[in-house]
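Please read the structure below before turning to the comments.
Just so it is clear, none of the values below were taken in a lab; they were calculated from the coordinates. Everything numeric here is computed off the predicted structure, so don't read it as measured data. Please note: Cβ atoms are built from the backbone with ideal geometry, for glycine as well, and neighbour counts cover all protein chains shown.
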Amino acid sequence: MKRYLITMIGLAALASITSHGAEKDAVTFPEVKNWKLTVLPDVYTPGNLWDLINGAAESYLSYDFVDLHLGDYMNASGTVIHAELYRHSSPVNAYGIYTSERSPEYMFIEIGAQGYLEEGVLNFLSGQFYVKLYSTDSGDEVQEALQIIGQQISGHLDQEDGLPEMISVFPPAGQKPYSDQYIRENFIGFEFLHSAYTVDYEGGFKLFVIQGKDEAEIQEMARQYLAFTKQDIDPASSSQLTFKDPYNGDIPAVISGKYMAGIIDGSDKDDARILMEELAVSLAKSSFLPGVQDR
Amino acid sequence: MTKFNRRNFLKSSLFGASGMLVSGSVKASTARSETAMIIRTLGKTGIELPILSMGVMRADTPNIVKAAYDSGIKLFDTAHGYQRGKNEEMLGEFFKDRPRDSFIIGTKVIPAGIDRRTGKLGPDFTKEGFLEMANTSLTRLQMDYVDIFYHHLAQSRETLLNDGMLAALTQLKQEGKAKHVGVSTHKNQAEVIRAAIEGGVHEVILVAINFTMKDDKDLMDAIEEGAAAGLGFIAMKTMAGGFHDEEKKIPVNGVAALKWVFQNPHIATAIPGFTKFEELHTDLEILNGLEMTEEERGNLLAGGGRSGFFCSGCTGCQHQCRKGLPVSDLMRAYMYTYAYGNLEKGREILDEYGVDADPCRGCPGCTVTCSSGFAVAERIAKVSRLKDVPEDFIT
């Protein structure tokens, strides 16, 4: 028995290797009236998510995926609703992968922090979970069942629901609905820019905010970007810069303390610049925003 | 298969560092950049591809696709399911105004009704459903056809040779919606490849292959057999997870990993997933030649000179163990268990060699010196504990 326990402790340590050290509370599924729940024994981790979703796993891993739990709900008539609970290391990472797959055209419903219902599919965000429900059956009953089971799962997970506070800082005028995103790595193709929040605007441009650990990190980031674009400018000399990026075009930006706000695909648009400055002012007042603990 | 046999530098690439190959047997790419690339032919499809292609799955900006396209990369690989279709839509937007013969698109569909855990097709799978998903992909891509259409995630002969699936792929070709059809696999790969040979429908195999698999003789044999039957091979997962160590502090040398893959002449191209311009730049270095430097070889063999996961199979440890343990195989079991989290495979190897839960008991001290620097005794002690775990906890 002692040996068995030691072994299980060892395997638990092994599991932690692949979970990036995130806390791993047990994940359970709720019982739902009139639906028989089968919790599947397979729990997928970063080490084997490929086995289940193949190349799509890379995106999940890039948002610090922790584990995936699977359950099936079946009713008396044989309809099956499959439930997948993707757990990420933090709510902002779950938000990141959720928004990377979300389209503004979907039919959004009130569930968790945000969610949408499509034919045979209900996906939603709840705290550090990205929840996916689907069925290969179709019809109104299935759509209704997805919502009933989804709401029960949402309640059962008991997460603090909400979108990242940073999204609320973006100017609302002209925002395209459901276009907000969090890019966790290699923003616009550069490792040194690491992560960013973005929102699309009418007029075809995008505003972004990069949040550094502190002012020095943002200054260093700007220095690296200017070095890449071969611009001989000291970023400390002015809070307003335009990066002459050969790949992404001109990127106007404002540095405001530990934040950098900027524009993509809108360097020639006056309204974009006005909104960027508005965004920078909001950021300057937003000392309440949490640090980037999730990168 | 490789079109170039001589190289010199004629013009710098987009990044100013690529080689170009020209001679009688050298075929200059008609790429956007004037950089020639090593070209290989994709089996019986006859498609000629630069050895470097792009897996688009994680690219969240079209500008990185543009940079790849401008640098001469021709094949762009996506899938119906990547980002719930947004990945295909992004490629569709990018390519809609570009000459159709200037790029090759590969996309793949995981059939609805598949049990993704077992890879088996369930009763919900229908040919019609699969074709509908294929049509959705074409709509998102804004294209009349794709160059390579894959059955995504085939894990067994049974799934690959499913009548409905073969009929769907055949119909896509007949209707001109797919120039060529293939299959993507990364589990039971040898079985899937041999099934493709047997079925005679598939033309392309998207195969997971990297330097950690050099001792997988069954897979290498299957690739050889497939190539002889005219199958074209495209490599994925070439970076083996990107790190040599458990703590993810020792990165795999990407160029070395690609070079290793192309030592196999049957691999026509690879689809690393670039998400930053620097990665693209680095991977383009492979155009300078496929010969590995000592440093690159060292990185692959020993995790940058430090202990990694992957046993090089040098057999130097043979006969070193006082107890006659199969050290190299136990290192493989350790890799499956700790690098891939595949406890089942680790246990399988222990069972195969009759290794118990404490194989080093009674040994006064380890006499094995591993050329890759593995702490052999420690790893054996860790992995052999799997024997103490009830089987139903593992499988």
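Considering only DSSP beta bridges whose two residues both sit in the protein assembly as shown, what percent are antiparallel, to the nearest 5? Walk me through the intermediate numbers first.
Working: 67 of 94 bridges.
Rounded to the nearest five, the antiparallel share is 70 percent.
Kindly put B:Tyr150, A:Tyr63, B:Tyr353 in sequence by how many other C-beta atoms sit within 10 Å of each C-beta, fewest to most.
Ranking B:Tyr150, A:Tyr63, B:Tyr353 by Cβ neighbours within 10 Å, fewest first, gives B:Tyr353, A:Tyr63, B:Tyr150.
Rg over Rh of the stretch B:236-288, using C-alpha atoms and the Kirkwood radius, what does it come to?
On the Cα set of the stretch B:236-288, Rg over Rh gives 0.97.
For the stretch B:6-300, state what percent of all Cα-Cα pairs lands in each successive 5 Å bin, counting from 0 Å until the bin that includes the largest distance.
1, 5, 12, 16, 19, 18, 14, 9, 4, 1, 0, 0
Mind checking which of B:Leu153, A:Tyr247, B:Val192 is farthest towards the positive end of the protein assembly as shown's charge dipole, using Cβ charges of +1 (Lys, Arg) and -1 (Asp, Glu) about the Cα centre?
B:Val192
Per residue of B:54-64, how many C-beta atoms from partner chains lie within 10 Å of its own C-beta, taken as a mean?
Rounded to a whole number, the mean comes out at 5.
Return the average number of partner chain Cβ atoms within 10 angstrom of each residue Cβ along peptide A:34-46.
Counting Cβ atoms of other protein chains within 10 Å of each residue's Cβ and averaging gives 1.
Dividing the Cα radius of gyration by the Kirkwood radius, what Rg/Rh value follows for the stretch B:67-169?
That ratio equals 1.01.
Quick one: work out Rg over Rh on the C-alpha atoms of the stretch B:327-394, Rh as Kirkwood radius.
Values: Rg = 11.6 Å, Rh = 12.1 Å.
Rg divided by Rh gives 0.96.
Starting from 0.36 nm per residue, how many nanometres of slack lie between B:Ala375 and B:Asp97 once their C-alpha separation is accounted for?
Working it through step by step, the gained length comes to 94.5 nm.
Does anyone have the angle between helix A:215-228 and the longest principal axis of chain A? Alpha-carbon axes, 0 to 90°, nearest 10?
70 degrees
Give the peptides A:35-48, A:76-89 in descending order of average Cβ contacts within 10 Å, highest first.
Descending packing order for the listed peptides: A:76-89, A:35-48.
When you look at the Cβ of every residue in B:82-89, what mean number of other chain Cβ atoms sits within 10 Å?
Details: counts 8, 7, 10, 2, 4, 5, 0, 1.
Average per residue, whole number: 5.
Sorted by packing (mean other beta-carbon atoms within 10 Å per residue), highest first, where do A:95-104, A:198-207 land?
Details: A:95-104: 22.1, A:198-207: 18.4.
Peptide ranking by packing, descending: A:95-104, A:198-207.
Is the stretch A:169-295 rounded, prolate or oblate when judged by the Cα gyration tensor, a ≥ b ≥ c being the square roots of its eigenvalues, rounded requiring a/c under 1.5 and prolate requiring a/b larger than b/c?
Verdict is rounded for the stretch A:169-295.
Using the per-residue mean of other Cβ atoms lying within 10 Å as a proxy for protection, in what order, highest first, do the peptides B:354-366, B:373-385 fall?
With the highest mean Cβ count within 10 Å placed first, the list reads B:373-385, B:354-366.
Could you quote the convex hull projected area for the protein assembly as shown, Cα atoms only and averaged over all directions, in nm²?
Hull-based average projected area comes out at 32.1 nm².
Give A:Lys213/B:Lys276; A:Lys206/A:Lys244; B:Lys86/B:Lys249; A:Lys132/B:Lys120; A:Lys244/B:Lys86 a once-over and call out the pairs whose C-alpha atoms are over 24 Å from each other.
As for pairs spanning more than 24 Å Cα to Cα, those are B:Lys86/B:Lys249; A:Lys244/B:Lys86.
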